[in-house]
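These notes concern the structure reproduced below.
The values are calculated or read from the model by the stated rules, or taken from the named source; none is laboratory data. All values reported here derive from a predicted model rather than from experimental measurement. Don't worry about glycine lacking a Cβ; one is built from the backbone with ideal geometry, like all the others, and counts go over all protein chains shown. Quick note on the areas: whole protein, heavy atoms, side chains included, nothing else; ligands and nucleic acids left out. Shrake-Rupley method; radii C 1.70, N 1.55, O 1.52, S 1.80 Å.
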Amino acid sequence: MRGLGIGRGTGGWKAWSVGWGLALAASASGAAPPKSDPGRGWELCQQDTEPERCLTRLEAEALRTARASRKTLRAVRQGPQLRLQTPGSATITLQDSAATQYRGLGPVGHGDSWLVARLPAPQSPPLLLVSPASGQQIGLEATPRPAPDGHLLIAVRPGVDGHEASTLTLLQRAGTRWSVVFRYEAPAGLHLSFQRWRSDGAAVHLQWERSSTSACPLAEGNAQLRDGPFGWDFVPPMPPPCEAAEAHSSSGLS
């Protein structure tokens, strides 16, 4: 399964081990990611002319904020190692190598879960949701959007025609652990986008667009992913592909 690509800057990551001091001091060349939203920061860094430097800067800021706050999570960078730990739990160590590097982007929602980017492109999944208290590392294909109360996260990947499908993953937190409660893999040509959470966290507003083909006209619309008596599902249902009659959705996964 493909992840969202992150472009390579000049020189790529071949010199990742040359100078960590210089790398962590590097500033972004364009985008200014918001401190309170690591997912949005990741998106902005992908639009930057040097996305790797942008993400490194974002990590440095997230680590400074973690040190200055009174939260229980301990997040530190020691050379090629990113370490995340909560009191009483084992340390999660993400070890950089020539093939894969990690950048801690900051906490997501409530609790001590952190969003971590995996580099360079192409890496799949491009993001990890890391929960040090439970030891979980969950791969995400798109930016997680937390519900107002922080106990739900949704990640919606728009997808690209001919390359990757649009996907939607809904996660729920119970204590320190996350579980997938709904997963949707859209048929080819159908693209989803996140709009907003309903204020009570019981529904997600989405937009969809179906690409035009010889057998299928261009179409678009709105839908909600709602928590109902039989679990989470779309209201109204997502449109099926022109050559098929049934939607591809599932719920109740763990």
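Things worth noting here:
- Ala68 meets all of the listed conditions (1) under 22 Å from Pro146 (Cα atoms); (2) hydrophobic (A, V, I, L, M, F, W, C); (3) out of contact with any helix residue (DSSP H, G or I) (no Cβ under 7 Å at 6 or more places or on another chain); (4) at pLDDT below 85 but one, namely (1).
- Selected residue (criterion: surrounded by the fewest Cβ atoms within 10 Å (Cβ to Cβ)) from residues of region 37-65 that are under 24 Å from Ala147 (Cα atoms) and small (Gly, Ala, Ser): Gly39
- Considered as a group, the residues in region 93-118 that are among the β-branched types (Val, Ile, Thr) and at pLDDT below 95 include one that is most open to solvent (accessible area, probe 1.4 Å), and that residue is Thr100.
- Candidates Ala117, Ala99, filtered to the one that is part of a loop (DSSP other than H, G, I, E, B) and of a type in the set (A, V, I, L, M, F, W, C): Ala99
- Test result for Ala174, surrounded by fewer than 16 Cβ atoms within 10 Å (Cβ to Cβ), of a type outside the set (Asp, Glu) and at pLDDT below 95: yes
- Enumeration of residues in region 127-159 that are among the polar types (S, T, N, Q) and in a loop (DSSP other than H, G, I, E, B): Ser134, Thr143
- Condition check for Thr91: farther than 28 Å from Gly201 by Cβ and of a type in the set (Val, Ile, Thr): yes
- Neighbours by Cβ (under 7 Å, 6+ apart or cross-chain): first from region 180-202, in a loop (DSSP other than H, G, I, E, B); second among the acidic types (Asp, Glu): Gly189/Asp161; Gly201/Asp149; Ala202/Asp227
- Ser124 being of a type outside the set (D, E, K, R), within 21 Å of Glu50 (Cα to Cα) and not in a strand (DSSP E or B): yes
- From the options Ser134, Ser179, residue that is surrounded by fewer than 21 Cβ atoms within 10 Å (Cβ to Cβ), under 30 Å from Pro87 (Cα atoms) and assigned by the TED database to the domain that holds Thr56: Ser134
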